[in-house]
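What follows is a single structure, written as structure tokens, with notes after it.
The values are calculated or read from the model by the stated rules, or taken from the named source; none is laboratory data. Note that this is a predicted model, so its numbers are computed, not measured. Glycine gets a Cβ as well: all are built from the backbone with ideal geometry, and neighbour counts include every protein chain shown.
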Amino acid sequence: MISRLRVDNLTIHGVGPLSLDIDIGTCVGLFGPSGAGKTLFLRAIADMEPHGGAIYLDGTEQARIRAPDWRRQVGLLPAESMWWFDTVGEHFSRQDADGFDRLGIDTGLLSCPVSRLSSGERQRLALLRLLENRPRLLLLDEPTANLDSDNTARVEMMVRTYREKTGAAVLWIGHRHVQLRRVAMRIVGMSGGRFDDPGGTR
């Protein structure tokens, strides 16, 4: 069986070499101290940083896929989301009323200036925007860091439902081990630019 994501000996800015496989429909949790290289690892997989080694999506190497096509299939949700237009609605190609409802967001925010959004609203809306592209791999960098328990549960459920319906693989960075045990099938620790346990634990 071909893994959805396969990373072979990735190196980036002194981090690595790192190797990791994630199967179809599987969520892997990644944890470790600040500065361990977790975010750099995600950015390299998303082809947003120059790196060594090889990365494969469904058996096809990253180098064989045009960067815009790769980034549609490999969705990165950074800890701080980027916004390019003045209003929320300009960032969405369609109005997903069900998605807004499941994340506890009023669709009236579509006409709201981005500058008026809370950090939690930005975080949830960025996830919804990311899922519009139907990526086959989700790279989530602390996707619930600014959320209360209710909204954290909403995000966890949305990611789980998307993963189960589409077979997407998920790599989830988190600092709360109890959460990673809840959302991930496998947990990998990272420190000093290396994986502590490449095989993972649960």
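Of note:
- Condition met for Gln73 (in contact (Cβ under 8 Å) with a residue 60 or more places away in the chain and not aromatic (Phe, Trp, Tyr)): yes
- Checking Arg136, Arg163, Arg186, Arg181 one by one, the residue that is of a type in the set (Lys, Arg), more than 23 Å from Ser81 (Cα to Cα) and surrounded by 15 or more Cβ atoms within 10 Å (Cβ to Cβ) is Arg186 and no other.
Quick grid of which residues meet (1) buried (at least 18 other Cβ atoms within 10 Å of the Cβ); (2) under 26 Å from Trp70 (Cα atoms); (3) among the aromatic types (Phe, Trp, Tyr):
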{"position": "Asp96", "(1), (2), (3)": "no, yes, no"}
{"position": "Gly108", "(1), (2), (3)": "no, no, no"}
{"position": "Ser118", "(1), (2), (3)": "no, no, no"}
{"position": "Arg124", "(1), (2), (3)": "yes, yes, no"}
{"position": "Leu140", "(1), (2), (3)": "yes, yes, no"}
{"position": "Asp150", "(1), (2), (3)": "no, no, no"}
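- Tally, over the range 16-31, of residues that are buried (at least 21 other Cβ atoms within 10 Å of the Cβ) and either more than 14 Å from the chain's Cα centre (by Cα) or over 25 Å from Arg176 (Cα atoms) (or both): 3
- Qualifying residue in the range 28-46 (condition: under 22 Å from Lys165 (Cβ atoms) and in contact with a Lys or Arg (Cβ under 6 Å, 6 or more places away or on another chain)): yes
- Candidate set from the range 57-76 (those that are within 19 Å of the chain's Cα centre (by Cα) and not in a helix (DSSP H, G or I)); member that is surrounded by the most Cβ atoms within 10 Å (Cβ to Cβ): Val74
- Looking only at residues of the range 47-56 that are at pLDDT below 95 and under 17 Å from the mean Cα position of the chain (by Cα), we find that the one that is surrounded by the most Cβ atoms within 10 Å (Cβ to Cβ) is Asp47.
- Considering Ala54, Ala36, Ala79, the condition of being in contact with an Asp or Glu (Cβ under 6 Å, 6 or more places away or on another chain) and either within 27 Å of Met157 (Cβ to Cβ) or in a loop (DSSP other than H, G, I, E, B) (or both) is satisfied by Ala79 alone.
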